1. Can you find a residue in the stretch 39-56 that is in contact with an Asp or Glu (Cβ under 9 Å, 6 or more places away or on another chain), closer than 30 Å to residue 126 by Cβ, free of Cβ contacts under 8 Å to residues at least 60 places away in the same chain and of a type in the set (A, V, I, L, M)?
2. When you go through 91, 103 one by one, which is the residue that is touching a residue at least 24 places away in the same chain (Cβ under 8 Å) and under 20 Å from the mean Cα position of the chain (by Cα)?
3. Test residue 100 against the criterion of being in a loop (DSSP other than H, G, I, E, B), at pLDDT below 95 and surrounded by 10 or more Cβ atoms within 10 Å (Cβ to Cβ), and give yes or no.
4. Inspect the stretch 137-146 for any residue being aromatic (Phe, Trp, Tyr) and either in contact with a strand residue (DSSP E or B) (Cβ under 9 Å, 6 or more places away or on another chain) or assigned to a strand (DSSP E or B) (or both) and give the result as yes or no.
5. From the list 57, 36, which residue is exposed (fewer than 14 other Cβ atoms within 10 Å of the Cβ) and of a type outside the set (A, V, I, L, M, F, W, C)?
Amino acid sequence: MSALDGTDREILRILQKDGRTSNSEIARRLGITETTVRKRIASMRERELIEIVAVPTPRLAGYNISAIIGLSVNLTHLREVSRQLIEAPEVRYCGLSTGRFDVMIEAFFYDREHLLRFTTEVLGALPGITDVETSLILKIEKFSYEWELG
């Protein structure tokens, strides 16, 4: 995080709370010029330290079921399984992990039939998967892109 100074961090904190905050509003809050804010945001984007995007909710896209799926995988197949999973449109998060599961994914589905097809046709077709455990998310209590920048 040494690439960011205190002003950059304050700009990011404001944008994390509301990504639609205007540069002039950020400048007013921080007591700096709008030009400074604009240049700092442009610099952070050019250095690939931040992205500014609109993120539609899964429900807007028609996804009504959210699941966390843990996969046990024969370790010789681990990289290939993860490469194929990240190509699946249902998968929004894929992480290699330690502990009970070798791969953890978060995936979204239109309905239970879609989840069943994914489980049998996508996961079932991947060589090396030895166990699958699916946990359905009943209600999301917190969903955030905010974290402390130090």
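1. Among the residues of the stretch 39-56, not one is in contact with an Asp or Glu (Cβ under 9 Å, 6 or more places away or on another chain), closer than 30 Å to residue 126 by Cβ, free of Cβ contacts under 8 Å to residues at least 60 places away in the same chain and of a type in the set (A, V, I, L, M), which makes the answer no.
2. When all the criteria are applied, what remains is 103.
3. No, not satisfied.
4. No, the stretch 137-146 contains no residue that is aromatic (Phe, Trp, Tyr) and either in contact with a strand residue (DSSP E or B) (Cβ under 9 Å, 6 or more places away or on another chain) or assigned to a strand (DSSP E or B) (or both).
5. After applying the criteria, what remains is 57.
The values are calculated or read from the model by the stated rules, or taken from the named source; none is laboratory data. Predicted model, so just to flag it, every value in this text is computed and none were measured. Cβ coordinates were reconstructed from backbone atoms using ideal geometry, including for glycine residues, and neighbour counts include every protein chain displayed.
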